[in-house]
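First comes the structure, then the notes that go with it.
The values are calculated or read from the model by the stated rules, or taken from the named source; none is laboratory data. These numbers come from a predicted model, not from an experiment. Backbone-built Cβ (ideal geometry, glycine too); neighbour counts: all protein chains shown. When the accessible area is computed, the model is the full protein with side chains, heavy atoms only, and any ligands, DNA or RNA have been set aside. Shrake-Rupley method; radii C 1.70, N 1.55, O 1.52, S 1.80 Å.
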Amino acid sequence: MNSPLLTAPGAVAPFDGNPDQGVPWHFGDPFAEQRAAVRSAVVVDRSNRAVLAVSGEDRLTWLHSLTSQHFEALGEDRATEMLILDVQGRVEHHAAAANVGGAVYLDTGSERAGDLLGYLTKMVFWSKVEVRDASADLALLTVLGPEAAGVLAAVGVTAPDAPHGVVALEGGGFARRASWPGGHAVDLLVPRSELADRWGRLTGAGARPAGSWAFEALRVESLRPRLGVDTDEKTIPHEANWIDEAVHLNKGCYRGQETVSKVHNVGRPPRRLLLLHLDGSREVQPETGDPVLVDDRVVGRVGTVALHHELGTVALALVKRSVPPETELLVGAEDRRVQAAVDPDSVPPDTPGLGRQAARNLGR
């Protein structure tokens with residue numbers, strides 16, 4: 001469903017093929033929007049995400065048995081992330097979760113929400129749970145920046161004081177403190193019927209309107225993957241930086257756990273998610289799904305490509321672990337191929353990296 005904010009003053013709709021259809025792409029100056037997210041406060045319309053609600057007295061034990069997360073230890077007014085894996089340990093679904101008001105709310109990409117709802121519904125059996133699509137009831141806004149708490153206070157919202165905290169909102173919905181991007185992000189799940197009104201109150205309190213372009217650039221900088229964009233059908237959790245946030249390594253059995261345990265304890269994942277600095281001097285740039293190459297050999301896959309206000313043209317990519325980080329890379333299909341260098345800060349600590357200056361020496 002399209003957001004009413006697509007008709008807000010200055011809103012620019014995304015181009016065809018952009019994964020964030022239905023919400024504003026930017027409001028006239030995406031780089032200024034990114035800078036405001038770092039220096040002051042912005043609000044981003046993310047209402048294109050789907051929301052599922054899981055209620056019932058067995059909701060936590062039931063989700064615990066199906067997912068990678070330790071839901072049995074998830075207290076009231078707490079949030080986390082979760083994965084559903086296949087039997088080989090490959091990621092099928094990812095969602096952010098919040099346990100508040102007698103239900104667990106799962107927000108996830110709309111493109112896979114139907115499949116996730118179908119799977120969860122199929123797995124109810126005799127458990128005392130109810131799963132429903134709550135997307136028509138709740139919509140997501142995200143407030144970013146060091147002044148986010150002040151903006152929220154001005155509209156009567158007390159932001160949770162630490163990541164993963166949740167606070168119920170007067171009139172319905174809840175506020176969830178996120179761990180990224182930056183250190184001040186707060187997600188607001190608000191009644192969808194009040195989306196435009198809540199947006200107006202937040203912008204009136206000082207939050208600059210920002211689009212999905214700004215949010216995605218900051219997500220890429222944070223090395224946070226987006227399912228189906230930065231991952232493929234073979235991706236396992238260790239490859240995509242999901243272990244700390246979305247996987248609990250000391251919980252009971254769940255589908256795909258054997259792969260997670262094996263990779264964690266006795267091996268390394270075959271690929272790793274890296275931040276690449278791309279040569280931005282060409283008019284064309286790689287696209288999601290394009291190859292990453294060393295000479296003529298394919299060694300990886302491009303995910304999100306973003307224009308960042310400081311880093312220039314960057315991309316997330318899944319690259320074979322065997323490729324040394326100082327290797328000169330070529331990225332993109334043949335008609336849009338550019339040079340790329342690995343950002344050393346994105347390389348796991350046990351792997352030596354090239355200097356940051358080498359990554360920045362590429363033209364933008």
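Filtering D244, D230 for residues that are touching a Lys or Arg at 6+ places or on another chain (Cβ under 9 Å) and under 16 Å from E81 (Cβ atoms) leaves a single hit, D230.
Selection of segment 329-345 for residues being of a type outside the set (A, V, I, L, M) and either open to solvent by 60 Å² or more (accessible area, probe 1.4 Å) or in contact with a helix residue (DSSP H, G or I) (Cβ under 9 Å, 6 or more places away or on another chain) (or both) yields E334, D335, R337, Q339, D343, P344, D345. Taken over segment 265-319, residues that are under 24 Å from A32 (Cα atoms), in contact with a Leu (Cβ under 9 Å, 6 or more places away or on another chain) and of a type in the set (A, V, I, L, M, F, W, C) amount to 9. For residues in segment 56-72 being small (G, A, S) and within 24 Å of the chain's Cα centre (by Cα), which is farthest from A97 (Cα to Cα)? Once the filter is applied, the top-ranked residue is S65. Just to be sure, is R301 open to solvent by 50 Å² or more (accessible area, probe 1.4 Å) and either touching a residue at least 60 places away in the same chain (Cβ under 8 Å) or over 18 Å from P344 (Cα atoms) (or both)? Taking the combined requirement at face value, the residue does not satisfy it.
Does R176 satisfy being surrounded by 17 or more Cβ atoms within 10 Å (Cβ to Cβ) and in a helix (DSSP H, G or I)? Spelling it out, it is not the case that R176 is surrounded by 17 or more Cβ atoms within 10 Å (Cβ to Cβ) and in a helix (DSSP H, G or I).
Look at (1) touching a residue at least 60 places away in the same chain (Cβ under 8 Å); (2) more than 22 Å from D77 (Cα to Cα); (3) assigned to a loop (DSSP other than H, G, I, E, B) and you find that F125 fails only one, number (1).
Being farther than 19 Å from L83 by Cα and touching a helix residue (DSSP H, G or I) at 6+ places or on another chain (Cβ under 9 Å) is a property that G165 lacks. Counting only helices (runs of 4 or more DSSP H) that sit wholly inside segment 210-296, not one has at least 3 residues that are under 21 Å from D20 (Cα atoms), aromatic (F, W, Y) and at pLDDT below 95. Taken over segment 116-141, the criterion of being of a type in the set (V, I, T) and open to solvent by 70 Å² or more (accessible area, probe 1.4 Å) is satisfied by T121 alone.
Of the candidates A214, A154, the single residue that is surrounded by fewer than 23 Cβ atoms within 10 Å (Cβ to Cβ), of a type in the set (A, V, I, L, M) and under 21 Å from A8 (Cβ atoms) is A154.
The set of residues in segment 346-358 that are in a helix (DSSP H, G or I) and either modelled with pLDDT of 50 or more or open to solvent by less than 30 Å² (accessible area, probe 1.4 Å) (or both) contains only S346. For segment 27-46, filtered to residues that are open to solvent by less than 40 Å² (accessible area, probe 1.4 Å) and within 18 Å of the chain's Cα centre (by Cα), the residue that is farthest from A134 (Cα to Cα) is Q34. P14 - would you say it is buried (at least 20 other Cβ atoms within 10 Å of the Cβ), in contact (Cβ under 8 Å) with a residue 12 or more places away in the chain and either part of a strand (DSSP E or B) or touching a helix residue (DSSP H, G or I) at 6+ places or on another chain (Cβ under 7 Å) (or both)? It is false that P14 is buried (at least 20 other Cβ atoms within 10 Å of the Cβ), in contact (Cβ under 8 Å) with a residue 12 or more places away in the chain and either part of a strand (DSSP E or B) or touching a helix residue (DSSP H, G or I) at 6+ places or on another chain (Cβ under 7 Å) (or both). When the residues of segment 168-194 are filtered to those that are more than 21 Å from the chain's Cα centre (by Cα) and among the aliphatic types (A, V, I, L, M), the one that is farthest from N99 (Cα to Cα) is L169.
If we keep just the residues of segment 180-202 that are assigned to a loop (DSSP other than H, G, I, E, B) and open to solvent by less than 40 Å² (accessible area, probe 1.4 Å), which is nearest to E245 (Cα to Cα)? Result: P181.
Could you tell me which residue of segment 224-279 is nearest to the chain's Cα centre (by Cα), considering only residues that are hydrophobic (A, V, I, L, M, F, W, C) and surrounded by fewer than 15 Cβ atoms within 10 Å (Cβ to Cβ)? Per the criteria, the residue is L249.
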